[in-house]
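See structure below.
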Amino acid sequence: MRELVVLSGKGGTGKTTVCGNLAVLASNKVMADCDVDAANLYLLLDPVLKSSSPFYGLKKASINREKCMGCNLCLHLCRYDAIRPGFVVDPVLCEGCAICYHACPCGAVEMIEHLAGHLFLSDTRYGYLVHARLGIAEDNSGKLVAAVRKEARRLAEEEKKELIITDGPPGIGCPAISCLSGADLVLVVAEPTFSGSHDLERVLELAKHFGCRAAVCINKWDLEPENSHALESLCSRHSVPVVGYLPYDESVMEAVKSGRPVIQECSGSMKKGILALWGKLKTLLELR
Amino acid sequence: MIIAVASGKGGTGKTTVASSLALVAAEKREVLFLDCDVEEPNGHIMLKPHWHKKETVRVPVPEINREKCTFCGTCAEVCAFHALVVLPQEVMLLPTMCHGCGGCWHFCPAGAISPGWREIGQVEEGSSGKIGFVHGRLNVGEAISPPLIQAVKERIRPGILNIIDAPPGTSCPVVRAVKGADFCLLVTEPTPFGLHDLELAYEMATGLGVPCGVAVNRSDGDDSSIRRFCHNNNIPLLFQLPQDREVARGYARGIPAIEVRPEWKEHFLALLAFLERGGYARCAN
């Protein structure tokens, strides 16, 4: 079994659109949406929800005022300023380190289960989709990403699928790191802008830092061909192959607006680009 | 005044809007631009600041004195983040897992752990014409960005217009960037993705008690779904910028939208007037 993780660094370069199209082309696979902050892939795949399970983050502190004698030790030790006057814990600021729980001389601090989001399994006409929703303002995105990947892997093994296609989060922080560890191939969707080039370099460094093999797809390459050449040189400096070129195509927005993968209704050059990308990915992933 | 520009979905045009707003506002007043997307900062590509200052941002991390350590395992037991592993003859620290809570050095019975420091990124300060500029750059491989975002926000100057360019998403980095702002401008695009993530971003800002308004970018003229959302939630739809290939090409080369389309200035002037008369306070309900 192989796992292809799609990242971008910069947001809005086309990760989900690319994943939606790969979902149409690849057979025998499981899809996973690891952009747990703002999961969008299901909007393209017309899913039917099969099951939902709660996701618990780190336990958070809660102070029992009856036992508390007001010694202020917790207030003094908490590095996140999560304990408000009156010994009330701010659940957004509490990171769950439990230093107050261990230190409290009267055992007034309890660590309580904290529902941080939900994990979903859906069926789509393109196969199973594992996705999630992190609660607003939560700080466990990396952990939930790991839970989505684990569930996708379990499902792929059970159903004897040969591939997992994972739609990743933007950025290079906690959820992106959690998403790429152990992936067989990281596909970075880049756009030919100065920002896109800046951000691509940081994702490629990230992949290298964690020893992941990477490949790049340039989306909207014809918007600024000169910048696309700069992306190519950047890739060659990092010894990373460019495996796809997708044109700037207004039918993409139309397709997204109607909630369908673009390959079903796009122009000839877009379709060709997507098919060529999938062909190269199959080779790199050694798929049949 | 602190204005945060956020979006939920990435790539909707936060930096385009924030940089244009800064340029228009700077014609009349003092402005500080704070790029809080420390994982992928891009504001400098649009505003091209001259750098004056660079400072390293560090977070606390345990320093273990192996001579004093008895390998009792207390530190690993109290560490909720699994950043410490104690073996019979060795203590291992996984620095990127550490949240710097201080539990290990507080509870070590042998006094073998003391607080040390670890670099996670830099804050760079400069100026672009009349605009003051600050951004953070997270070191590649670092997982935890909020302390760096906090360090950027420590540069906020009271009494002037502070514009925060927030990271995408709705989790802890965005919360850290938007918290404490007087107003949050949510930039979206008229697609199901844009609307879905706008709803999440709205929930995030409202949860923080920050009043918000919406700007539509890349509008193709049919923004009915976003209009409905704003109407139902009683939040102002402040302006719509049309889909424009020339603006997209300008962005690609680091040219701010209002330089490509000077006529768009009026949208930003109207936004500034709205902020000035405290329009947001009334829509905060």
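Each value in this text was obtained by applying a stated rule to the coordinates, not by laboratory testing. This one's a predicted model, so the numbers in the text were calculated from it and none came from an experiment. Positions of Cβ are generated from backbone atoms using ideal geometry, with glycine treated the same way; all protein chains shown enter the neighbour counts.
So here's what we get for this one:
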read-out	value
Top of B:Pro147, B:Pro60, B:Pro168 by mean-square fluctuation, Gaussian network on chain B, Cα under 10 Å	B:Pro60
Value of relative contact order over region A:1-142, rounded to a whole percent, pairs C-alpha under 8 Å and six or more apart	33
Karplus (6.51, -1.76, 1.60) ³J(HN,Hα), θ = phi - 60°, over region A:130-141, in Hz, Gly and Pro reported as x	9, 9, 7, 9, 7, x, 4, 6, 7, 10, 10, 4
Cβ charges +1 (Lys, Arg) and -1 (Asp, Glu), total dipole of chain A, debye	620
Net charge of Cβ neighbours under 10 Å - reference A:Glu110; Lys, Arg +1; Asp, Glu -1	+3
Cα coordinate range in chain B, projected on the principal axes (Å, largest first)	70, 42, 34
Two-decimal Rg/Rh across region A:176-288, once Rg and the Kirkwood Rh are taken from alpha-carbon atoms	0.98
Peptides B:80-88, A:260-268 ordered by average Cβ neighbours within 10 Å, highest first	A:260-268, B:80-88
Cα centroid of region B:55-96 to Cα centroid of region B:125-191, whole Å	31
Residue-averaged beta-carbon neighbours from other chains (10 angstrom radius) around A:133-140	6
Dipole moment magnitude, nearest 20 debye, region B:58-119 about Cα centre, only Lys, Arg, Asp, Glu C-beta charged	100
Peptide ranges B:115-122, A:140-147 listed from the most packed, as the mean C-beta count within 10 angstrom indicates	A:140-147, B:115-122
From phi via Karplus (6.51, -1.76, 1.60), per-residue ³J(HN,Hα) for region A:13-19 in Hz, x at Gly/Pro	8, x, 3, 5, 4, 4, 4
Chain B: relative contact order as a whole-number percent, Cα under 8 Å and 6+ apart	26
Choice from B:Glu125, B:Glu263, B:Glu67 with maximal GNM fluctuation in chain B (Cα, 10 Å cutoff)	B:Glu67
Average other protein chain Cβ within 10 Å of Cβ, residues B:79-91	1
Order of A:Thr283, A:Thr124 - criterion: other Cβ atoms within 10 Å of each residue's Cβ, fewest first	A:Thr283, A:Thr124
Charged-residue dipole, Cβ positions (Lys, Arg, Asp, Glu), the protein assembly as shown about Cα centre, Debye nearest 20	320
Above-threshold pairs, the threshold being 31 Å between Cα atoms, out of A:Lys150/A:Lys272; B:Lys179/B:Lys265; A:Lys29/A:Lys271	A:Lys150/A:Lys272
Residue order, fewest to most beta carbons within 10 Å, for A:Val48, B:Val210	A:Val48, B:Val210
Footprinting exposure proxy for A:Ser8, A:Ser122, A:Ser233 (fewest neighbouring C-beta atoms within 10 Å first)	A:Ser233, A:Ser122, A:Ser8
Region A:117-142-region A:252-288 distance, computed between alpha-carbon centres (Å)	24
Expected-Rg normalisation [2.2 N^0.38 Å, Cα atoms] applied to region B:58-119	0.98
Over chain A, volume per residue of the alpha carbon convex hull, in Å³	147
Radius 12 Å from Cβ of A:Gly9, net charge of other residues (Lys, Arg +1; Asp, Glu -1)	-4
The protein assembly as shown: radius of gyration and largest Cα-Cα distance (Dmax), Å	23.8, 73
Most mobile of A:Val89, A:Val24, A:Val188 in a GNM of chain A (Cα contacts under 10 Å)	A:Val89
Listed residue (B:Ala181, B:Cys98, B:Gly194) projecting farthest to the positive dipole end of chain B, Cβ model	B:Ala181
Cα-based radius of gyration of region A:60-113 once divided by 2.2 N^0.38 Å, which approximates compact folds	0.95
Total formal charge among the other residues, if their Cβ is under 9 angstrom from that of A:Met253, Lys/Arg +1 and Asp/Glu -1	-3
Extreme residue, positive dipole direction of chain B, given options B:Pro147, B:Gly13, B:Ala25 (C-beta unit charges)	B:Ala25
